[in-house]
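Asks: Have a look at this one.
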Amino acid sequence: MKIKRFEWNMLGTNCYVLWDETQEAVVIDASCYYEEERNALKKFIDENKLIPKHLLNTHLHFDHIFGNAFVNRLYGLLPEAHEADEFWIRDTPQHSRLYSVKGKESPVPLGKHLHDGDLITFGQTMLEAIHVPGHSPGSLVYYNKEQGCLFAGDVLFQGSVGRADLAGGNFDELIDNICSRLFVLPDDTVVYPGHGGATTIGTEKAENPFFRYRT
């Protein structure tokens with residue numbers, strides 16, 4: 001599996017494109033807001049002759065779904081995410097205005113609900129959805145066991161964790177779920193977060209200040 005990271009929009013949200021030798025691909029958190037960002041995503045997919053099969057969201061906060069309508073128009077894909085976050089689609093205009101961000105178009109509805117343990121396949125590659133609520137009630141992490149990596153959205157960052165003060169967030173739940181759902185994975189598992197650079201499970205267990213007295 002190959003991985004391309006884009007860091008986009010005014011909040012520096014990461015978008016990932018994953019693909020394998022079959023050229024089938026998935027887009028995780030299509031966060032492209034500006035026209036040049038959308039053009040860059042299309043150009044990358046076209047130049048690499050990729051065939052997008054899934055549009056995945058780790059959660060449905062506005063900065064992670066900016067490009068969902070664009071990807072839907074281009075490739076006919078509807079986003080897939082946990083149903084517990086679906087209310088955020090309705091609340092996107094109000095939420096984005098709190099950050100003085102005007103949505104370019106109405107967000108598209110979910111095409112499929114994903115749940116803990118669901119398997120998402122593209123080409124010869126498989127991702128497992130792991131439900132890790134706390135940042136948002138429907139936060140999902142996508143784990144690829146074969147390559148030893150996961151796409152964490154805003155659950156776990158390098159040296160930090162996601163905020164828990166938005167609707168449906170719960171800090172204690174977030175910390176407990178990271179410990180019980182993610183820190184049981186091998187220490188060398190690479191974590192690709194929704195903002196910032198990559199880290200590993202082992203590094204965060206050892207150095208993340210939010211877990212210093214818990215692991």
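Asks: Working only within segment 10-25, note down all residues that are in contact (Cβ under 8 Å) with a residue 40 or more places away in the chain and either of a type in the set (Gly, Ala, Ser) or in a strand (DSSP E or B) (or both).
Replies: The answer is Gly12, Thr13, Asn14, Cys15, Tyr16, Leu18, Trp19, Glu24, Ala25.
Asks: Right, here's the next one. Return the residues of segment 175-191 that are under 16 Å from Gly159 (Cβ atoms) and either under 16 Å from the mean Cα position of the chain (by Cα) or among the small types (Gly, Ala, Ser) (or both); say none if nothing qualifies.
Replies: Ile178, Leu182, Val190, Val191, listed by residue number.
Asks: Just one of the numbered conditions (1) under 25 Å from Met10 (Cβ atoms); (2) touching a residue at least 40 places away in the same chain (Cβ under 8 Å); (3) of a type outside the set (Val, Ile, Thr) is not true of His82; which one?
Replies: (1)
Asks: Among the residues of segment 130-188, which ones are surrounded by fewer than 19 Cβ atoms within 10 Å (Cβ to Cβ), of a type outside the set (Gly, Ala, Ser), in contact with a His (Cβ under 8 Å, 6 or more places away or on another chain) and assigned to a loop (DSSP other than H, G, I, E, B)?
Replies: Arg163, Leu166
Asks: Also, I was wondering about something else. Within the set of pairs 6 or more residues apart or between chains, which connect a residue that is closer than 18 Å to Ala69 by Cβ inside segment 41-55 to a residue that is basic (Lys, Arg) with Cβ atoms less than 9 Å apart?
Replies: Matching pairs, first to second residue: His54/Lys112.
Asks: Of the numbered conditions (1) under 19 Å from the mean Cα position of the chain (by Cα); (2) free of Cβ contacts under 8 Å to residues at least 60 places away in the same chain, Thr58 fails exactly one; give the number of that condition.
Replies: Here Thr58 meets the rest and fails (2).
Asks: Moving to a separate point now. Looking only at segment 26-73, filter to residues that are assigned to a helix (DSSP H, G or I) and basic (Lys, Arg); which one of those is surrounded by the most Cβ atoms within 10 Å (Cβ to Cβ)?
Replies: Arg38
Asks: Now for a different question. Any residue that is more than 17 Å from the chain's Cα centre (by Cα), among the aliphatic types (A, V, I, L, M), assigned to a loop (DSSP other than H, G, I, E, B) and surrounded by fewer than 20 Cβ atoms within 10 Å (Cβ to Cβ) - is there at least one of those in segment 105-118?
Replies: So far as segment 105-118 goes, no, none of its residues is more than 17 Å from the chain's Cα centre (by Cα), among the aliphatic types (A, V, I, L, M), assigned to a loop (DSSP other than H, G, I, E, B) and surrounded by fewer than 20 Cβ atoms within 10 Å (Cβ to Cβ).
Asks: A further question on this structure: If I go through segment 189-215 residue by residue, how many of them are out of contact with any Cys (no Cβ under 7 Å at 6 or more places or on another chain) and either on the phi > 0 side of the Ramachandran plot or in a loop (DSSP other than H, G, I, E, B) (or both)?
Replies: 7
FYI, it's all coordinate maths here, none of it is from the lab. Note that the structure is predicted; figures quoted are calculated from it, not measured. Glycine gets a Cβ as well: all are built from the backbone with ideal geometry, and neighbour counts include every protein chain shown.
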